[in-house]
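Trainee: Would you mind keeping the following structure in view while I ask a few things?
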Amino acid sequence: QVQLVESGGGLVQPGGSLRLSCATSGSILSIYPMGWYRQAPGKQRELVARITTGGITVYADSMKGRFTISRDNAKNTVYLQMNGLRPEDTAVYYCNTVPIRISRWGQGTQVTVSS
């Protein structure tokens, strides 16, 4: 069964940066588009960025110019570089395929943006 393990979150001040990592098992990165999702308290999970197997990236409007998604198929890892973080970016961040194919989500990684 495919596993997803997110890491790299933490507490950061507004304007700060974090780099999230998603380690996967198997070879799903070479087969499926991957995405980073987030869920803030009291809100639905949303897709913030995705990357195709060919490396094409798409971002939600509020992330454009601030977030960068990348993948390393050899390491079975997807990354999310987040710059210019805002308090509204506070959420638990998850990775999964796009569209979602892995029913068992990882534990996520908490990102808190606060002064």
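Trainee: At a probe size of 1.4 Å, how large is the accessible area of T24, to the nearest 10 Å²?
Mentor: Roll a 1.4 Å probe over it and T24 shows about 20 Å².
Trainee: A further question on this structure: Largest first, how would D61, D72 line up by accessible area (1.4 Å probe)?
Mentor: Sorted descending by solvent-accessible area, the residues read D61, D72.
Trainee: Assigning unit charges at the beta carbon (Lys, Arg +1; Asp, Glu -1) and nothing else, what dipole magnitude in debye, to the nearest 20, does the chain show about its Cα centre?
Mentor: About 120 debye.
Trainee: Thinking of the range 43-115 as a set of Cα atoms, what percent of all their pairs are more than 19 Å apart?
Mentor: 36
Trainee: Right, here's the next one. Taking a temperature of 20 °C and a viscosity of 1.002 mPa s, what whole-number D in µm²/s does Stokes-Einstein yield for the range 1-87 with Rh from Kirkwood over alpha carbon pairs?
Mentor: D = 158 µm²/s.
Trainee: Put +1 on the Cβ of every Lys and Arg and -1 on every Asp and Glu Cβ in the chain; which of S7, T24, Q44 then has its Cα farthest towards the positive end of the dipole?
Mentor: T24
Trainee: Taking the Cβ of S21 as the centre, find all other residues whose Cβ is under 13 Å away and add up their charges (Lys, Arg: +1; Asp, Glu: -1).
Mentor: Within the 13 Å Cβ shell, the charges total +1.
The values are calculated or read from the model by the stated rules, or taken from the named source; none is laboratory data. As the structure is a prediction and not an experimental result, all values here were calculated from the model. Every residue, glycine as well, gets a Cβ built from its backbone with ideal geometry; the counts of neighbours run over all protein chains shown. With ligands, DNA and RNA removed, areas are computed over all heavy atoms of the protein, side chains included. Shrake-Rupley method; radii C 1.70, N 1.55, O 1.52, S 1.80 Å.
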